[in-house]
Amino acid sequence: MELIDVAVIGGGQSGLATAHALLRRGLRPVVLEASDRAAGSWARYYDSLTLFSPARYSSLPGMPFPGADRDRYPHRDEVVAYLAAYADRLGADIRTGRRVTSVRRDGSVLEVALEGGGRLRARAVVAASGTFGRPYRPMLPGLEEFTGQVVHAADYRNPAPFAGGRLVVGAGNSAVQIAAELASTARVTLATRGPVKFAAQRILGRDLHFWTARTGLDTAPLGRLLPRPPAQPVLDDGRYRAALAAGRPERRPLFTGADGTKLIWQDGEREEVDAIVLATGYRPDLPYLADLGGALDTEGKPQHREGLATSVPGLALVGLEWQRSLSSNSLRGVGRDAERIARRLAVHLAHR
């Protein structure tokens, strides 16, 4: 059975940044990517998605985001192309079509099992598989009784399938973007537990990311202080606040129940609805760690301290939300976490 230095699970932004950092320290990572290309989940996001950060703040280590306009907000397909180019330049052993099914302890190493029966033995493992594979579907009142269409934002691409319908969407950045887009062809309600909170995209002529970088907020190690990640405000240049003010989409408090294809609102009104789009976020996608004792808690959350597993030597994680800082799971920040993990894994392996 093949023995490798470090198995990096996931070939998206987190896995590629980790491979870059490991190579810089003389280690030989093998990146295991389930899909047919090293670009992570970006190609599967909705068609109109653009980054909330300008190009100048959207790079992985060693390769600036391309383009003359450093202040533009790159489109989804630009990010896919960037990650593919980054992978090509990296010089790492990237193996696509390799879905990891489990990681187990095998003496002094970790055994990585692949779909189809293949196996690898690794001196260390970095879980960098992101969250897109595990959409969060909360227990909303009446959702189980609703007989209309229910889709998660992970399965949403564009408004075409919903044209002319009556829709309800969740809250948050993606929810507001999707709801505003859908409102051009359908009647849409943004159903939220509380008012939508906005943050200005630009302050004093500068993008918000300039100020978070300048003040140090972007890199401050606040992750360990947060029992749960705080809700992020909707970054807005004014268009989304204006859309809500115009009722396209309208905003209402969360429904209280459902009866067939009718939703029941807090004022008792019953309304026929065609579909509910759950823009309700994601959770870490780490099922392959379930058999590695101590890696996950009873809810499937990773047990770690700033990305190092607390009870499994040789196991690390990269790309978690608030792993260490505000920017931990972003293009601009994941490289910093990857560098810290690579440094600590190099020390760990040197003493074995």
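The values are calculated or read from the model by the stated rules, or taken from the named source; none is laboratory data. Note that the structure is predicted; figures quoted are calculated from it, not measured. Using ideal geometry, Cβ is built from the backbone for each residue, glycine included, and neighbour counts are taken over all protein chains shown. Just so you know, the surface numbers come from the protein's heavy atoms only, side chains and all, with ligands and any DNA or RNA stripped out. Shrake-Rupley method; radii C 1.70, N 1.55, O 1.52, S 1.80 Å.
Only beta bridges with both residues in the chain are counted; by DSSP, about 40 percent of them are antiparallel. So which trypsin sites (Lys or Arg not before Pro) in region 176-250 end up in coil per DSSP with only 15 or fewer other C-beta atoms within 10 Å? Within region 176-250, the qualifying trypsin sites (Lys or Arg not before Pro) (loop, at most 15 other Cβ atoms within 10 Å) are R193, K197. In this view, the solvent-accessible surface of T131, computed with a 1.4 Å probe and all protein chains in place, comes to about 50 Å².
Sparse packing (at most 10 other Cβ atoms within 10 Å of the Cβ) combined with a DSSP loop state is found for the following GluC sites (Glu not before Pro) in region 144-200: E144.
For region 47-124, treating each Cα as an identical point scatterer without solvent, what Debye log10 I(q)/I(0) comes out at q = 0.19, 0.24 1/Å? Cα-only, vacuum Debye calculation for region 47-124: -0.84, -1.03. Here the alpha carbons of region 189-270 define both size measures, Rg and Dmax, at 17.7, 52 Å.
When the alpha-carbon atoms of the chain are used, the pair Rg, Dmax equals 21.4, 66 angstrom. Using the Cβ-Cβ distance between F132 and A160 with R0 set to 25 Å, the FRET efficiency works out to roughly 0.70. Among G205, G165, G314, the largest mean-square fluctuation in a Gaussian network model of the chain, built with springs joining Cα atoms closer than 10 Å, belongs to G205. For L225 and E271, the FRET efficiency from 1/(1 + (r/R0)^6), where r spans their Cβ atoms and R0 equals 41 Å, is about 0.45.
Dividing the mean sequence gap of close Cα pairs (under 8 Å, 6+ apart) by how many residues region 34-110 holds gives a relative contact order of 41 percent. Ligands, DNA and RNA are left out, and with a 1.4 angstrom probe the accessible area of region 49-207 is 46 Å² per residue. Quantify, in whole percent, the carbon and sulfur part of the accessible surface of region 77-188 (1.4 Å probe; protein heavy atoms only). Using a 1.4 Å probe with all protein chains present, region 77-188 comes out at 45 percent carbon and sulfur. Largest first and in whole Å, the equivalent-ellipsoid semi-axes of region 1-66 read 26, 17, 6, each the square root of five times a Cα gyration tensor eigenvalue. Entry note, the chain: relative contact order of 22 percent, from Cα contacts under 8 Å with a spacing of 6+ residues.
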